[in-house]
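Down below is the structure, laid out as structure tokens.
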Amino acid sequence: MKNYAFVLFLLLEGVALTLLFTYNSYQRSKYLNSSNRITGNIYEAYNSVVQYFHLTQINQNLAEENAELRTLLENQTGIVAADDSMFMSLEETDTLYRFTPARVINNSVNRSFNYFTLNKGREDGIESDQGVISGGGIVGVVTQVSESYAVGISVLNSRWSISAMVKKNGYYGSLIWRGENYRLAELTEIPLHVDISPGDSVVTSGYSSIFPEGIMIGTIQDFSRPSGENYYSIKVKLSTDFKNLSYVEVIENQDRPEIDKLENIITDDPMAN
Amino acid sequence: MIRWLIKYAAIFIVLVLIQVLILNQVQFSGFVNPYIYILFVMLLPLSTPRYGVLLSGFLIGLAIDIFSNSLGLHTAATVFVAYIRPYVLGAISGREDEMSDYPGLKQNKFTWFLYYTAIMVFMHHFVLFFLEIYTFSHFLTTLYRIVLSSLFSIFIIVLSQFLMFRE
């Protein structure tokens, strides 16, 4: 059997390419990712050592976030005190979100498809399809969960797009990362008649049940009007520094099962679409 | 045989840990990522049967993939270099050269090891980076990343030969 090496090569390469191309971020194998126990433990042990070197930075970020939240809180009570019944009723029917803090124990920024690993899993109430944010803004969404670890797909992953909105006028489009610069993403589907300018904030739209509305994504850095198209090409500077991620919050939408149930009725309806 | 197995198991673990805990974390300019774990495939004895080399490549690629959530990517690139290894060795070794069974730096000429590393690393990175984006649309950007990352990988692999895995 002279050519056995070539046959074995084709076989192994076939297995590898099948794994690579049948990729589906939501249906991947339960064990072959970094939420499994062995890789999770190794990353966690490593992270518990190196995070000491980042403590100053982490403290500073947390202090800034505290200050921002305090400002928000002060303004919030101001509005409620204004006795605006319309606002109150909106507030009461609003979706309930629960936030779980977690630590990022592994993270990358320089691949085409970047992921992060969190030190919390199913036993802490983390499930797939929950959003992840940090003090700086949006981070990503959880895709795989094991007992005590979770893996998420980061904004810096060209397989994922986010429903994003220009804060000042409410026009929304899709935010996609194109894979070159870890600080820049592209906002598409904003029609040409919309008034935008550099420095405008881009936030989550709230049209998916993953993120609440108004979570910071970034600011418009630059935009152009590609000839022959009806939409802007907008460069958005991401507000989260993905090279410097440590503590994040996982968002659980308490009304999620109900929303999903309702939306499934529509997709099951043969008359829809 | 047992000593041999233990030695290569140790090299395997050390290389995977160096790769995922150090090199994948240090992100030079967000553009360059050295991959040195193919040293495992490179350092297998020349007398290793070809199926052994291929399976070794498959295993270490899979290990790296599991850690980096890139199932199949590193596996495919590493199986490829494991397959071409005998041809690379044949191409760079003269007929009259006395070859040591262990293809390390100390056992061979410096230039020979440098050629060996350069070809293997470049082939690996070429397959890896193009599979990662599976499009040729950013051909020059990707080529630039391949060349930069290869230079780093080659440097680290050659350097590591003075410190570790010497025989």
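The values are calculated or read from the model by the stated rules, or taken from the named source; none is laboratory data. Because the structure is a prediction, the values reported are computed rather than measured. Every residue, glycine as well, gets a Cβ built from its backbone with ideal geometry; the counts of neighbours run over all protein chains shown.
The table for this structure:
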{"item": "Filter pass, A:I234 being more than 24 Å from A:L118 (Cα to Cα) and surrounded by 17 or more Cβ atoms within 10 Å (Cβ to Cβ)", "result": "yes"}
{"item": "Residue match in segment A:23-34 (condition: part of a loop (DSSP other than H, G, I, E, B), modelled with pLDDT of 70 or more and either under 28 Å from B:V26 (Cβ atoms) or among the polar types (S, T, N, Q) (or both))", "result": "yes"}
{"item": "Filtered residues of segment A:223-248 (kept if closer than 13 Å to A:L184 by Cβ and assigned to a loop (DSSP other than H, G, I, E, B))", "result": "A:S239, A:T240, A:D241"}
{"item": "Enumeration of residues in segment B:1-19 that are at pLDDT below 90 and surrounded by 10 or more Cβ atoms within 10 Å (Cβ to Cβ)", "result": "B:W4"}
{"item": "Extreme residue, farthest from A:Y115 (Cα to Cα), among residues of segment B:111-160 that are of a type in the set (S, T, N, Q) and surrounded by fewer than 18 Cβ atoms within 10 Å (Cβ to Cβ)", "result": "B:T111"}
{"item": "Qualifying residue in segment B:36-50 (condition: part of a helix (DSSP H, G or I) and at the interface with another protein chain (Cβ under 9 Å from one of its Cβ atoms))", "result": "yes"}
{"item": "Selection count, segment B:81-118, where residues are within 14 Å of chain A (Cβ to nearest Cβ) and in contact with an Asp or Glu (Cβ under 7 Å, 6 or more places away or on another chain)", "result": "0"}
{"item": "Among residues of segment A:155-193, those that are within 15 Å of A:I215 (Cα to Cα) and either within 12 Å of chain B (Cβ to nearest Cβ) or among the hydrophobic types (A, V, I, L, M, F, W, C) (or both), counted", "result": "6"}
{"item": "Those residues of segment B:51-68 which are facing chain A (nearest Cβ under 10 Å) and β-branched (V, I, T), in sequence order", "result": "B:V53, B:I66"}
{"item": "Residue in segment B:10-26 that is farthest from A:F242 (Cα to Cα), counting only those that are touching a residue at least 60 places away in the same chain (Cβ under 8 Å) and either within 12 Å of chain A (Cβ to nearest Cβ) or touching a helix residue (DSSP H, G or I) at 6+ places or on another chain (Cβ under 8 Å) (or both)", "result": "B:I11"}
{"item": "Failed item in (1) in a loop (DSSP other than H, G, I, E, B); (2) at pLDDT below 80, with A:V109 passing the rest", "result": "(2)"}
{"item": "B:L73 aliphatic (A, V, I, L, M), surrounded by fewer than 22 Cβ atoms within 10 Å (Cβ to Cβ) and closer than 15 Å to A:E13 by Cα", "result": "no"}
{"item": "Every residue from segment B:69-80 that is small (G, A, S), without any contact (Cβ under 8 Å) to a residue 60 or more places away in the chain and either part of a loop (DSSP other than H, G, I, E, B) or within 7 Å of another protein chain (Cβ to nearest Cβ) (or both)", "result": "B:G72, B:A76"}
{"item": "Candidate set: segment A:57-86, residues that are over 25 Å from the mean Cα position of the chain (by Cα) and either among the charged types (D, E, K, R) or modelled with pLDDT of 80 or more (or both); chosen: the one surrounded by the most Cβ atoms within 10 Å (Cβ to Cβ)", "result": "A:D84"}
{"item": "A:N181, sole failed condition from (1) within 29 Å of B:F130 (Cα to Cα); (2) surrounded by fewer than 19 Cβ atoms within 10 Å (Cβ to Cβ); (3) modelled with pLDDT of 90 or more", "result": "(3)"}
